[in-house]
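Read through the structure below, which is laid out as structure tokens, and then see the notes.
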Amino acid sequence: MAQRKGKPDLGFGCMRLPLLRTSEPDSFDYEKIEVLFDAFLNQGFTYFDTAYTYHGYHGEEAVRKALVERHPRDRFQLATKLPLRDFRDEADLERKFAEQLEHCGVSYFDSYLLHNMGTNVYEKCKKYGAFDFVTRKKAEGAVGQVGMSFHDTPELLDEILAQYGEGLDFIQLQINYVDWEQPNVQSRQCLEVARKYGKDVAVMEPCKGGTLVNLPDKAAALLRAADPAASMASWAMRFAASQEGVVRVLSGMNTLEQVLDNAATFRDFRHITEGERAVIGQATAIIEENTPIPCTGCAYCTHGCPMDIAIPQYFALFNNFSRTTGSFSSHAAYYNNISLRHGMASACIGCGQCERACPQHLNIRDFLKDVAGTFEAADAFPKRKA
């Protein structure tokens, strides 16, 4: 994965493009999108990341119209992703890939990723040879580099890389300073696994869907005091880009101000210092205080749970979602993957053993109802088996 003169690179994430009507995910505001794409290129950056499923399955077409049809192919790098939830069998892999080339209006992809790898699709990928398929496309010259976006545990990532890592050039991970140690995401540990296998890392959700831009007042004041000229986004972007092995950070930019701010951060990139890490740690603590469920993650509540409910992981996920704007799909993916290995929040039978064990004396049964009401809505998992 090429970098800009040895520095971490900035990529344009195309999951949240400007719309004319927020209720219609494919009502693209092409006038604004073209301004953003052109500004990004004019600032010296070239990498655009989209996916088959973005914007109601129309995201690739938007990138074609706003980017591919307006700029020479050698002016930009384009990445998209194989939709692991959507393909049906081995033959369907080829059909989806052909569709994506047509959607994007290109003859090859600079990067091609297995999309949203996790417990829910891993066995399917093994059964139908998805790993072999993407490496074959690279050998054919239809793909420059092969990657994998990952939303699951470090243990599963280790298993996958031990088995299929040789064919993967890079891993795309959710890394930000709030998720660094969160039990439902485990950014640090996933990064360590990727580095164990020598994989370059691209970062998604560095600002956690806007959470790390719209901070609690006390947290924002801490960062401003440490560097009055720095934006809240630049702190988050620099934290993610400063981690070992990170070669690119994606940002879902939808205003010109965001493009110019991020471009400035990466054009004259400065690694996070130890002093700045300490300030970020203080800000993180404040953010964590502003959470609806004051769970410490001790996991005492899970010992002996008759339904094997992953209580601390669900609570961490619920808290993260409560602090986030516009990223339900990412949180729903994590909830889905966790619930495939453990009981769902709604599986609680109300025995109360968890509350008796909780040193924080939390009303766990009530909180589980909140979690279930948020993540188990009928439209959260439209293709989930009953």
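The values are calculated or read from the model by the stated rules, or taken from the named source; none is laboratory data. These numbers were taken from a predicted model, which means no experiment stands behind them. No Cβ is skipped: glycine too gets one built from the backbone with ideal geometry, and neighbour counts run over all protein chains shown.
Any idea which of Leu168, Leu173, Leu113 is touching a Gly at 6+ places or on another chain (Cβ under 6 Å), touching a residue at least 12 places away in the same chain (Cβ under 8 Å) and surrounded by 22 or more Cβ atoms within 10 Å (Cβ to Cβ)? Result of the check over Leu168, Leu173, Leu113: Leu113.
Tell me which residues, restricted to segment 134-153, are part of a helix (DSSP H, G or I) and surrounded by 21 or more Cβ atoms within 10 Å (Cβ to Cβ). Talk me through it step by step, then tell me what you get.
Residues of segment 134-153 that are part of a helix (DSSP H, G or I), as a first pass: 134-140.
Across segment 134-153, the qualifying residue is only Val134.
Within segment 57-102, the residues that satisfy the criterion of being out of contact with any Phe, Trp or Tyr (no Cβ under 7 Å at 6 or more places or on another chain), under 24 Å from Ala202 (Cα atoms) and assigned to a helix (DSSP H, G or I) are Tyr57, Gly59, Glu61, Arg64, Val68, Arg73, Asp74, Arg75, Phe97, Leu101. Residues that are farther than 16 Å from Arg21 by Cα and aliphatic (A, V, I, L, M) were ranked within segment 46-63; the one that is nearest to the chain's Cα centre (by Cα) is Ala51. Looking for something at pLDDT 95 or above, under 17 Å from Gln174 (Cα atoms), in contact with a His (Cβ under 7 Å, 6 or more places away or on another chain) and part of a loop (DSSP other than H, G, I, E, B) - is there at least one such residue anywhere in segment 42-51? Yes, segment 42-51 contains at least one residue that is at pLDDT 95 or above, under 17 Å from Gln174 (Cα atoms), in contact with a His (Cβ under 7 Å, 6 or more places away or on another chain) and part of a loop (DSSP other than H, G, I, E, B). Taking (1) under 18 Å from Trp180 (Cβ atoms); (2) β-branched (Val, Ile, Thr); (3) assigned to a helix (DSSP H, G or I) in turn, Val259 satisfies each apart from (1). Taking the residues in segment 41-81 that are touching a residue at least 40 places away in the same chain (Cβ under 8 Å) and of a type in the set (Phe, Trp, Tyr) as candidates, determine which candidate is farthest from Asp110 (Cα to Cα). In this case the residue turns out to be Tyr54.
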